[in-house]
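Student: Please see the structure below; I have some questions.
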Amino acid sequence: MNLSDSRTAGQRIVRVSAADAVFSSLRKAIEDGQLPVGTRPSSEAVLAQRYGVSRSVVREALRSCASLGLTETRTGKGTFVIADRVGGDLALGQYSARELTEARPHIEVPPAGLAAQRRSGEELQLLRDIVASMGREDDPEA
């Protein structure tokens, strides 16, 4: 059965996670000036209620904003908008995004290989059970 109609024929539907959707909305609000530099977005609880998601989804979206240099969370004070545009070269501490991307294969792949070689039969079965459980799960939040 063909479920396409003339408006959607040939178009791909792109699925996004709840955190990505909230992040996109927050980023747009910051870049459009609805959340000006120096202001605080609503609390996690208020944002979660507004978007119909859990607070952990809002926290993930806020972390994404922070990783782009748009917001900053200050312990005990909340999250603040610190820029209205994403900077040129993203950085984590003294390292640029490019440097981190270059280092990842050297940092992550060898330990993953060692872990795979050294795993026990019980650990392998546990991983298989986890993957099977994830495949049966319908709730993306779970």
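The values are calculated or read from the model by the stated rules, or taken from the named source; none is laboratory data. These numbers come from a predicted model, not from an experiment. So basically every Cβ, Gly included, is an ideal-geometry build from the backbone, and we count neighbours across all protein chains shown. All accessible areas refer to the heavy atoms of the entire protein, side chains included, with ligands and DNA or RNA removed. Shrake-Rupley method; radii C 1.70, N 1.55, O 1.52, S 1.80 Å.
Student: Filter the stretch 77-123 down to residues that are in a strand (DSSP E or B) and at pLDDT 85 or above, then give me how many there are. I'd like the intermediate steps shown before the answer.
Tutor: First pass over the stretch 77-123, keeping only residues in a strand (DSSP E or B): 78-81, 91-92, 95-96.
Checking which are at pLDDT 85 or above leaves us with 78-81.
The total comes to 4.
Student: Right, another one. Please give the number of the condition residue 138 fails out of (1) part of a helix (DSSP H, G or I); (2) open to solvent by 100 Å² or more (accessible area, probe 1.4 Å).
Tutor: Among (1) part of a helix (DSSP H, G or I); (2) open to solvent by 100 Å² or more (accessible area, probe 1.4 Å), the lone unmet condition for residue 138 is (1).
Student: To continue, here is another question. When residues of the stretch 12-39 are filtered for being open to solvent by 90 Å² or more (accessible area, probe 1.4 Å) and either over 13 Å from the mean Cα position of the chain (by Cα) or basic (Lys, Arg) (or both), how many remain?
Tutor: Of the residues in the stretch 12-39, the ones open to solvent by 90 Å² or more (accessible area, probe 1.4 Å) are 12-16, 28, 34.
Restricting the remaining residues to those that are either over 13 Å from the mean Cα position of the chain (by Cα) or basic (Lys, Arg) (or both) gives 12-15, 28, 34.
Final tally of qualifying residues: 6.
Student: Moving to a separate point now. Identify, please: which residue in the stretch 40-64 is open to solvent by 50 Å² or more (accessible area, probe 1.4 Å) and assigned to a loop (DSSP other than H, G, I, E, B) and is, among those, nearest to residue 81 (Cα to Cα)?
Tutor: Among those that are open to solvent by 50 Å² or more (accessible area, probe 1.4 Å) and assigned to a loop (DSSP other than H, G, I, E, B), it is 40.
Student: Among the residues of the stretch 20-39, write down those that are in a loop (DSSP other than H, G, I, E, B) and without any contact (Cβ under 8 Å) to a residue 12 or more places away in the chain.
Tutor: First, the residues of the stretch 20-39 that are in a loop (DSSP other than H, G, I, E, B): 32-39.
Once the filter is applied, which keeps residues that are in a loop (DSSP other than H, G, I, E, B) and without any contact (Cβ under 8 Å) to a residue 12 or more places away in the chain, the stretch 20-39 yields 32, 34.
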